[in-house]
Amino acid sequence: MEQRHLGRTGLRVSRIGLGTLTWGRDTDEHDAADQLKAFWDAGGTLVDTADVYGGGEAEYVLGRMLDSLVPRADLVVATKAGSVPDPYRRSDGSRGHLLAALDASLRRLGTDYLDLWQVHAFDAATPLEETLQALDLAVSSGRVRYAGVSGFSGWQLAKAATWQLAAPGPRTRLASTQMEYSLLQRGIEREVLPAALDLGVGLLPSSPLGRGVLTGKYRTGTPSGSRGASEHMAPFVEPYLDEAASRIVDAVATAADGLATTPLQVALAWVRDRPGVAAPVVGARNAQQLTEALSVETLSLPDEICQALDDVSAPVHRYPDQDWSTL
């Protein structure tokens with residue numbers, strides 16, 4: 001699998017990443033092992049997790065497979081900290097919480113360093129410079145090699161990345177930002193993606209298949225065993241089952257028929273090759289699903305197909321994103 005630099009750094013990652021959101025909850029250790037082995041065999045390196053996935057179980061499951069199944073040195077292990085299961089405070093970017101969470105993640109993963117450590121969410125109650133200082137301390141201590149953020153809006157990302165580049169002292173430049181991005185969700189093109197491109201921050205798209213909807217499996221209803229049929233995941237899928245999304249999914253299916261491939265591969269190839277994208281992070285229910293996603297490596301969409309998909313999925317961005325004189 002082709003490797004790409006993550007932002008304006010020396011870290012290289014496979015251009016498809018493996019997501020572990022369901023590991024330790026909906027995906028048991030056996031299925032997770034099959035996925036990791038298939039991913040590694042295909043040349044994949046970037047494995048993305050978080051300390052809150054499965055209440056920490058995702059990190060435990062991944063940690064038990066490092067070296068025993070796949071050499072630790074062959075993987076780019078990325079995790080996140082800062083999201084907290086508190087309905088009154090959804091994020092905690094304080095230095096104390098983040099550094100304690102880092103130590104806990106390292107214990108669960110059974111490793112003494114992370115390749116990429118990401119702040120999971122912006123915490124408005126904590127000064128941003130305090131949050132960023134935790135990244136600097138983590139890197140300077142050797143526990144983290146590269147740092148990034150997740151879920152930051154455009155101005156939040158720009159402020160954080162600029163602070164890291166401009167402030168005096170040993171600062172860790174942001175390598176990445178992780179945001180939802182797909183043909184069904186192009187909102188980051190308004191502010192986040194331009195900021196990332198300008199500041200040299202690599203984009204790691206989450207839910208690149210529109211929470212599974214872009215595979216086309218919901219076109220005739222909700223199949224049993226899918227996320228949409230799961231009690232705790234159905235609200236996650238439901239926003240992308242409207243009429244507007246249906247038109248985009250139909251266009252993807254039409255493109256797939258014309259290219260003799262699958263809607264999954266068309267949708268994934270589109271987001272993988274967007275400007276600024278380093279690696280879409282794909283979550284799968286089993287190794288068979290993952291293998292289909294990994295087969296996109298050989299697919300490049302023709303320009304006319306890309307343009308047609310761009311047109312049918314184009315978000316509405318007016319003032320101030322367009323020249324005022326054209327409005």
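The values are calculated or read from the model by the stated rules, or taken from the named source; none is laboratory data. The structure displayed is predicted, hence computed values, not measured ones. Note: ideal-geometry Cβ built from the backbone for every residue, glycine included; neighbour counts use all protein chains shown. With ligands, DNA and RNA removed, areas are computed over all heavy atoms of the protein, side chains included. Shrake-Rupley method; radii C 1.70, N 1.55, O 1.52, S 1.80 Å.
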Of the residues Trp117, Trp155, which single one is closer than 23 Å to Gly200 by Cβ, within 22 Å of the chain's Cα centre (by Cα) and open to solvent by less than 50 Å² (accessible area, probe 1.4 Å)? Trp117
Lone unmet requirement of (1) farther than 21 Å from Ser313 by Cα; (2) of a type in the set (A, V, I, L, M, F, W, C); (3) open to solvent by less than 10 Å² (accessible area, probe 1.4 Å) for Ala260: (3)
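I'd like the full set of residues that are of a type outside the set (A, V, I, L, M) and surrounded by fewer than 18 Cβ atoms within 10 Å (Cβ to Cβ), limited to region 181-216. Explain how you work it out, then say what you get.
Of the residues in region 181-216, the ones of a type outside the set (A, V, I, L, M) are 181-182, 185-187, 189-191, 194, 198, 200, 202, 205-208, 210-212, 215-216.
Of everything in region 181-216, those that are of a type outside the set (A, V, I, L, M) and surrounded by fewer than 18 Cβ atoms within 10 Å (Cβ to Cβ) turn out to be Gly187, Glu189, Arg190, Glu191, Pro194, Asp198, Gly200.
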Using the structure shown, decide if Ala255 is farther than 28 Å from Asp26 by Cβ and modelled with pLDDT of 95 or more. yes
Against the condition at pLDDT 95 or above and in a loop (DSSP other than H, G, I, E, B), how does Pro320 come out, does it pass? no
Pairs please, first residue from region 227-248 and part of a helix (DSSP H, G or I), second anywhere and at pLDDT below 70 and open to solvent by less than 70 Å² (accessible area, probe 1.4 Å), Cβ atoms under 6 Å, 6+ apart in sequence or on different chains. Ala234/Gly228; Val237/Arg227; Val237/Gly228
Any idea how many residues of region 270-284 are closer than 21 Å to Val312 by Cβ and either of a type in the set (Val, Ile, Thr) or modelled with pLDDT under 95 (or both)? 2
Residues in region 5-22: is at least one over 15 Å from Gly283 (Cβ atoms), modelled with pLDDT of 95 or more, assigned to a strand (DSSP E or B) and open to solvent by 20 Å² or more (accessible area, probe 1.4 Å)? yes
For Leu174, all conditions in the list (1) touching a strand residue (DSSP E or B) at 6+ places or on another chain (Cβ under 9 Å); (2) loosely packed, with under 15 Cβ neighbours inside 10 Å hold save one; what is the number of the exception? (2)
If we ask which residues in region 268-288 are polar (S, T, N, Q) and under 17 Å from Val252 (Cβ atoms), their number turns out to be 0
Hey, could you check region 120-139 for residues that are within 26 Å of Leu46 (Cβ to Cβ), of a type in the set (Gly, Ala, Ser) and touching a Gly at 6+ places or on another chain (Cβ under 9 Å) and say which is surrounded by the most Cβ atoms within 10 Å (Cβ to Cβ)? Ala134
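Which of the residues belonging to region 24-47 are assigned to a helix (DSSP H, G or I) and either touching a residue at least 60 places away in the same chain (Cβ under 8 Å) or surrounded by 23 or more Cβ atoms within 10 Å (Cβ to Cβ) (or both)? Walk me through how you get there before you give the answer.
Just the residues of region 24-47 that are assigned to a helix (DSSP H, G or I), to begin with: 29-41.
Answer for region 24-47, where residues must be assigned to a helix (DSSP H, G or I) and either touching a residue at least 60 places away in the same chain (Cβ under 8 Å) or surrounded by 23 or more Cβ atoms within 10 Å (Cβ to Cβ) (or both): Asp31, Ala32, Asp34, Gln35, Leu36, Lys37, Ala38, Phe39.
Residues are listed down the side, and each one gets a yes or a no for (1) closer than 30 Å to His30 by Cα; (2) open to solvent by 70 Å² or more (accessible area, probe 1.4 Å); (3) of a type outside the set (Gly, Ala, Ser); (4) not in a strand (DSSP E or B):
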{"site": "Pro275", "(1), (2), (3), (4)": "no, yes, yes, yes"}
{"site": "Ala284", "(1), (2), (3), (4)": "yes, no, no, yes"}
{"site": "Thr291", "(1), (2), (3), (4)": "yes, yes, yes, yes"}
{"site": "Leu294", "(1), (2), (3), (4)": "yes, no, yes, yes"}
{"site": "Glu297", "(1), (2), (3), (4)": "yes, no, yes, yes"}
{"site": "Glu304", "(1), (2), (3), (4)": "no, yes, yes, yes"}
{"site": "Gln307", "(1), (2), (3), (4)": "no, yes, yes, yes"}
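Conditions tested, residue by residue: (1) under 18 Å from the mean Cα position of the chain (by Cα); (2) crowded, with 20+ Cβ neighbours inside 10 Å; (3) in a loop (DSSP other than H, G, I, E, B); (4) at pLDDT 95 or above.
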position: Val61; (1), (2), (3), (4): no, yes, no, yes
position: Ala73; (1), (2), (3), (4): no, no, no, yes
position: Val77; (1), (2), (3), (4): yes, yes, no, yes
position: Tyr88; (1), (2), (3), (4): no, no, yes, no
position: His97; (1), (2), (3), (4): no, no, no, yes
